[in-house]
1. I'd like the full set of residues that are in a loop (DSSP other than H, G, I, E, B), modelled with pLDDT under 85 and among the small types (Gly, Ala, Ser), limited to region 443-470.
2. Does residue 88 qualify as being surrounded by 15 or more Cβ atoms within 10 Å (Cβ to Cβ) and under 18 Å from residue 236 (Cβ atoms)?
3. Step by step: first the residues of region 339-353, then only those that are over 21 Å from residue 319 (Cβ atoms) and touching a residue at least 12 places away in the same chain (Cβ under 8 Å), then the one that is nearest to the chain's Cα centre (by Cα). Which residue is that?
4. Six or more apart or on different chains, Cβ under 7 Å: which pairs go from a residue in region 103-132 that's surrounded by 14 or more Cβ atoms within 10 Å (Cβ to Cβ) to one that's in a loop (DSSP other than H, G, I, E, B)? Could you list them?
5. Do you know which residues across region 167-191 are in contact (Cβ under 8 Å) with a residue 40 or more places away in the chain and in contact with a Gly (Cβ under 8 Å, 6 or more places away or on another chain)?
6. Being modelled with pLDDT of 80 or more and among the charged types (D, E, K, R) is the filter here, so list the residues in region 383-405 that pass it.
7. Suppose the filter is closer than 26 Å to residue 226 by Cα and either modelled with pLDDT of 70 or more or in contact with a helix residue (DSSP H, G or I) (Cβ under 8 Å, 6 or more places away or on another chain) (or both); does residue 37 pass it?
8. Could you please give the count of residues in region 323-345 that are out of contact with any helix residue (DSSP H, G or I) (no Cβ under 7 Å at 6 or more places or on another chain), farther than 16 Å from residue 357 by Cα and of a type in the set (D, E, K, R)?
Amino acid sequence: MPDQEKEIQSLKEELYKANKEIEKLSRIKSDFISVVSHELRTPLTSIKESVSLVLDGVAGPISEEQKKFLTISKNNIERLAKLIIDILDLSKLESGRIIMRKRKLNVNDIIKDVYASTKILVEQKNIEFTISLGGSVEPTWFDPDRIGQVLKNLISNAIKFNKENGKIKIISSKESIKNKDVIKITVEDNGVGIPAEDKENLFRSFNPLDASMTRKHSGTGLGLVISKGMIELHGGDIWVVSEADAGSKFIFTIPLYKKHEEFDFLVEEAVERAKHNETKAVLIIFDTKNEKDKSENVIAGIENIISKAVRGPEDQVARCGEGKCVAIIARADRLGAKATINRMKDKVGIPLFYGISVYPDEAIDKNELVKKAEEDLQSGNNQMVSRRILLIIDDEEDLASMLSFRLQNSGFDAIAASDGDTGIGLAKKNKPDLILLDLMMPKMDGFEVSRRLKADPATKHIPIVIFSALGHKNTKESMKKLGAADFIEKPFEPNLLVEKINNILEGKNG
């Protein structure tokens, strides 16, 4: 028995080594194909441009016979360039180095663009070309360039294997397949169709539909292989419905993600991309400090500000925590995360907590990345508070100047007005977080200023703190009627004023 266990263990080790060797050889093959294909593109570009210059007559006049042969050369150069691009894409797919730049878009817009760019080519072949776009199609996450590439591949096949005076139609719809909501896109033709025995190999490398068809229509069959790889990287499926002489329907799907699913999908994708490209991925989760700020309008506003702060083409913003938190998933490190947060500081009007985690520095997989960011968030150590704007309306300019300096050093942005009219104008323009208002001013006193501010829908919600030398009971009662948030009698203790302001802004007053 021990001998058998040793033999089994030995076989396992050999199998492991063999698999590692196969992986290594596969990687070498993909790297070789990638390098050779890439190097071929440079001389091919020069050849193509040289032929174009002669064909266009730039290098001198040419005969019709010369023009015919040069046109043949140009067409074959374009075929070769397409083949090289296909081989490059295939090698990237096999080595896991395809870069996806997914954005939340409506696929109907991509279909319209592809339709417009290929319509002339299709119609030159005397083929009727139409689209039917489903009105229920929702925006979802995909790479528009890659989905456009898939559509062009399928249209190219539909042209090649169509009949004279044939038809091609692109159809989009929202459907539920296997209890999963998806966007379904169909490229339909009424061409020669595909025999049942050829369907099995349709999406395999270097397995064109049929040898005789390939000789007639050209191609390597790589377009379908690449299309399959691209769709699978989107989490979708691709298949064909066809019969010989009865046309074909090439169908692919793109998943629709619900709000809570989007976050998981984007984090997982960022980690996988970082793993394959040997880069880093950072997750930043933001949450509001105060419970009163968890309304949908406030969260949506924060989400909009965060979206403007991210800069990388692969950086994404998504909701998490049942829609009450907002997250950034970015190709960056902790330093990059801090830079993003700094760009937001002066734009977010409410206090936020945030948590940061970095793959692979602090987490080995997607689940740990999320867990570490949530723990960092819940620690309460990271708070982002933007500078609140305070408006001082007081005719004593020296006092206003010194008070502004005090408030600036206490973390606020302070602006001042020396009379009521100017103060009301600044309140409407700057929408301050709080107004400090003196009562005894010439022309328009504080009572009238407060009455006008509270009567205007644009300023009525701004809390007002009255500070005045008139500290008797009637004045305080009048302030209550005017809806002032608090009253401070002059002279006042500056630290007490700052404390009162903070309490009011944090909803702790009274």
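The values are calculated or read from the model by the stated rules, or taken from the named source; none is laboratory data. All values reported here derive from a predicted model rather than from experimental measurement. We place every Cβ from the backbone using ideal geometry, glycine too, and count neighbours over all the protein chains shown.
1. 469
2. Working: surrounded by 15 or more Cβ atoms within 10 Å (Cβ to Cβ): yes; under 18 Å from residue 236 (Cβ atoms): no.
So residue 88 fails the test.
3. First, the residues of region 339-353 that are over 21 Å from residue 319 (Cβ atoms): 339, 342, 345-346.
Next, only the ones that are touching a residue at least 12 places away in the same chain (Cβ under 8 Å) stay: 345-346.
Numbers: 345: 21, 346: 23 Å.
Applying the filter and picking the extreme gives 345.
4. Hits for this filter: 104/139; 105/139; 106/137; 106/139; 107/137; 108/137; 127/162; 127/166.
5. Selection gives 171, 172, 174, 182, 188, 189, 190, 191.
6. The answer is 394, 395, 396, 397, 398.
7. In short, yes.
8. So the count comes out to 1.
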